[in-house]
Structure formats: structure tokens, C-alpha cells
1. Filtering the stretch 53-74 down to residues that are touching a residue at least 24 places away in the same chain (Cβ under 8 Å) and either basic (Lys, Arg) or in a strand (DSSP E or B) (or both), which residue is nearest to Ile11 (Cα to Cα)?
2. Taking the conditions exactly as written (of a type in the set (Gly, Ala, Ser) and either modelled with pLDDT of 90 or more or part of a loop (DSSP other than H, G, I, E, B) (or both)), does Gly13 satisfy them or not?
3. Please specify each residue of the stretch 27-51 satisfying the condition of being farther than 19 Å from Asp77 by Cα, among the hydrophobic types (A, V, I, L, M, F, W, C) and either in contact (Cβ under 8 Å) with a residue 40 or more places away in the chain or surrounded by fewer than 15 Cβ atoms within 10 Å (Cβ to Cβ) (or both).
4. Considering only the stretch 37-52, I want to know if a residue exists there that is charged (D, E, K, R), in a helix (DSSP H, G or I) and either closer than 19 Å to Glu24 by Cα or at pLDDT 95 or above (or both).
5. Condition first: out of contact with any Phe, Trp or Tyr (no Cβ under 7 Å at 6 or more places or on another chain), assigned to a helix (DSSP H, G or I) and at pLDDT below 90. Can you find one or more residues in the stretch 16-32 that meet it?
Amino acid sequence: MSKKRSTIKNIIGKAINSFDKREEYIIIYIDRTPEHGNRLLQLSTNDIIAVSNWAITLSDNETVIPIHRIVEIRKKDGKVLWKRGFNNGR
């Protein structure tokens, strides 16, 4: 698994697996559909039920978003935790 995917997975995993205090983050991702083409959409980590090495699965149990389509993860207050092409000083 690439370092980038590992970082994304760790941030999302932390948000959805915190037993005492589940944190809500906003995820911006590229949505690709025949009707709309490519567009940026956002979702809350509250909508995620599973994270794998290659994708996240949403609570409808049907929608799967590949990790490589995620372009940004931020806290609800707007603080960016990860952004494609920006390594946050790491």
C-alpha cells in the first residue's frame, strides 16, 4: 500500500473507529458518473461504515469510493488534515 493511501486510511479510520469520541470529518472526492461527468462532492465520515486498503464503503452498503478519488480531508471547522499534493509538512 502506498504511503498516500495509508495516510488517508489512517485519518478516516481514526474518525470512524474512535469508540469514546467519534470525530466527524468532511471528505472531498471526485465523483464520476455518465450523467454529470467528473465533479467534486463531499461527505461526512459519519456516512462511512468501512475502510479498506483501496476504498471506503458508505452506510448504504452499495456505494464504494476508491481511495485514489479522495482529494481532501478536513475537520468540520475547516482545518485541512490532508490534501492531495500537500503533505502538511511531513
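The values are calculated or read from the model by the stated rules, or taken from the named source; none is laboratory data. Predicted model only: the values in this text are computed from it and were never measured. So basically every Cβ, Gly included, is an ideal-geometry build from the backbone, and we count neighbours across all protein chains shown.
1. Checked the stretch 53-74; the qualifying residue nearest to Ile11 (Cα to Cα) is Ile73.
2. So Gly13 fails the test.
3. Ile30, Leu40, Ile49, Ala50, Val51 - these are the residues of the stretch 27-51 that are farther than 19 Å from Asp77 by Cα, among the hydrophobic types (A, V, I, L, M, F, W, C) and either in contact (Cβ under 8 Å) with a residue 40 or more places away in the chain or surrounded by fewer than 15 Cβ atoms within 10 Å (Cβ to Cβ) (or both).
4. Within the stretch 37-52 (the criterion being charged (D, E, K, R), in a helix (DSSP H, G or I) and either closer than 19 Å to Glu24 by Cα or at pLDDT 95 or above (or both)), the answer is yes, since at least one residue qualifies.
5. Yes, the stretch 16-32 contains at least one residue that is out of contact with any Phe, Trp or Tyr (no Cβ under 7 Å at 6 or more places or on another chain), assigned to a helix (DSSP H, G or I) and at pLDDT below 90.
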